[in-house]
1. Between 246, 263, which is buried (at least 16 other Cβ atoms within 10 Å of the Cβ), out of contact with any helix residue (DSSP H, G or I) (no Cβ under 7 Å at 6 or more places or on another chain) and not assigned by TED's automatic domain parsing to the domain that holds residue 141?
2. Would you be able to tell me the number of residues in the range 19-46 that are more than 20 Å from residue 6 (Cα to Cα) and crowded, with 22+ Cβ neighbours inside 10 Å?
3. Kindly provide the set of residues from the range 106-118 that are within 14 Å of the ligand (Cβ to nearest atom) and farther than 13 Å from residue 71 by Cα, ordered by number.
4. Please verify whether the range 189-201 includes one or more residues that are buried (at least 20 other Cβ atoms within 10 Å of the Cβ), modelled with pLDDT of 95 or more, more than 24 Å from residue 102 (Cα to Cα) and out of contact with any helix residue (DSSP H, G or I) (no Cβ under 8 Å at 6 or more places or on another chain).
5. If you scan the range 33-69, which residues turn out to be outside any loop (DSSP other than H, G, I, E, B), more than 17 Å from the chain's Cα centre (by Cα), touching a residue at least 60 places away in the same chain (Cβ under 8 Å) and more than 7 Å from the ligand (Cβ to nearest atom)?
6. Any idea which of 121, 137, 143, 132 is outside any strand (DSSP E or B), closer than 22 Å to residue 42 by Cα, within 10 Å of the ligand (Cβ to nearest atom) and touching a residue at least 40 places away in the same chain (Cβ under 8 Å)?
7. Hey, can you tell me all the residues within the range 88-105 that are touching a residue at least 12 places away in the same chain (Cβ under 8 Å) and within 13 Å of the ligand (Cβ to nearest atom)?
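The values are calculated or read from the model by the stated rules, or taken from the named source; none is laboratory data. If you're wondering where the values come from, they're calculated on a predicted model, not measured in any experiment. All Cβ positions, glycine included, derive from the backbone under ideal geometry; neighbour counts span all protein chains shown.
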Ligand code: SAM
C-alpha cells in the first residue's frame, strides 16, 4: 500500500530523499481517501488515465490496477526513478518526466488515446493548481472527467465564487462540466502535513445545454470580456465592431446593458454574445 505513512517514510529513506516543498510534494498517506477517490472516479478497464504529479504513486497504484493504461507526468526526476523501480511490473504504466505546464498536450491526446474514455487524475501541486486547471479546461481536450484534489479554499472558490472571484473559468465550467465533491481530506492525511485541509472534486463533462459551433472561439470571447474587469462590456466589444456605438446597438439588441461588466453576466448572456460574434 503506497498510500501510507509507512510507505512514504520508508521509500524516502530508502532513496535518501526528502519531500521537495518547492514542488508541492505533500504525499497522500490515507488508503481510505485513495479508495474513495478511485471508487468515485468513473475509471474502468477501458479507461486511459493521465495522472499529473504521481509522486511516490499513491493514486498511481490504484489506477494501474483498474485502467487500461496510465500515463503519469512528473516533473521530479527522483520521483520518476523511484516509480520506474517500484512499478516495474506495471506494464500499463508510462512515466513521463516533464513539467506538465510546459507540455504540448496535443502530442499527448493522440488519435489512439482519444478512442478510449480519458480521465485526468491529480493530487494537484498546490502552487500551480489554477494554472493546471486552466490549461486543461481552456484547451478543450477530449477528456471525460477530471478528478482533482486541491486546497479547500481553492475548491470552494471554484464551486461558489464571490462576484470578485467569478471569472472565465467558471463560465466555461458551467457550460461544459458538472462539478461534484467526492470527499474532504484532512491535512493529517498528507506527509509532510500541509497548513490546510483539501477537497477532491469530480469535474465531469456534460452535454452542453447551449449549442456552440466553435467552442474555442467562445472560450476566447469569454476570456477577452473578463480582461480588465473594470472595463464595460461595450468598451470590450468595441474591437469587434467599427466603433463603440455599434457595440452599444449590438448589446441593446441582446437586452444587455452597455454599462455592465463581465462579472454581471450569466452563462446565457455570454452564449448570446458569442453566437452573434460567430462562435
Ligand atoms: N500524487 C502523489 C500523492 O498523491 O501522494 C503526489 C502529489 S504531490 C501534492 C504533487 C506532485 O506533483 C509531486 O510529486 C510533484 O513533484 C509533482 N509536480 C509538481 N509540479 C509539477 C509539474 N509542473 N508537472 C508535473 N508534476 C509536478
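1. Details: 246 fails: buried (at least 16 other Cβ atoms within 10 Å of the Cβ).
Result of the check over 246, 263: 263.
2. Counting residues in the range 19-46 that are more than 20 Å from residue 6 (Cα to Cα) and crowded, with 22+ Cβ neighbours inside 10 Å gives 3.
3. Going through the range 106-118, the residues within 14 Å of the ligand (Cβ to nearest atom) turn out to be 108.
Those that are within 14 Å of the ligand (Cβ to nearest atom) and farther than 13 Å from residue 71 by Cα: none in the range 106-118.
4. Within the range 189-201 (the criterion being buried (at least 20 other Cβ atoms within 10 Å of the Cβ), modelled with pLDDT of 95 or more, more than 24 Å from residue 102 (Cα to Cα) and out of contact with any helix residue (DSSP H, G or I) (no Cβ under 8 Å at 6 or more places or on another chain)), the answer is yes, since at least one residue qualifies.
5. Filtering the range 33-69 for residues outside any loop (DSSP other than H, G, I, E, B) gives 33-39, 48-52, 58-66, 69.
If we keep only those that are more than 17 Å from the chain's Cα centre (by Cα) as well, we get 33-36, 39, 58, 60-66, 69.
Subsequent filtering for residues that are touching a residue at least 60 places away in the same chain (Cβ under 8 Å) retains 33, 36, 58, 61.
If the condition is that a residue be outside any loop (DSSP other than H, G, I, E, B), more than 17 Å from the chain's Cα centre (by Cα), touching a residue at least 60 places away in the same chain (Cβ under 8 Å) and more than 7 Å from the ligand (Cβ to nearest atom), then 33, 36, 61 are the ones that fit.
6. On the way: 121 fails: outside any strand (DSSP E or B); 137 fails: within 10 Å of the ligand (Cβ to nearest atom); 143 fails: within 10 Å of the ligand (Cβ to nearest atom).
Residue meeting the stated conditions: 132.
7. First, pick out the residues of the range 88-105 that are touching a residue at least 12 places away in the same chain (Cβ under 8 Å): 90, 92-101, 103, 105.
Scanning the range 88-105 gives 95, 96, 97, 98, 99, 100, 101, 103, 105.
Here is a yes/no grid of residues against (1) assigned to a loop (DSSP other than H, G, I, E, B); (2) in the same structural domain as residue 149 (by TED's automatic domain parsing); (3) closer than 30 Å to residue 19 by Cβ:
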site	(1), (2), (3)
183	no, yes, yes
196	yes, yes, yes
199	no, yes, yes
222	no, no, no
228	yes, no, no
231	yes, no, no
234	no, no, no
258	yes, no, no
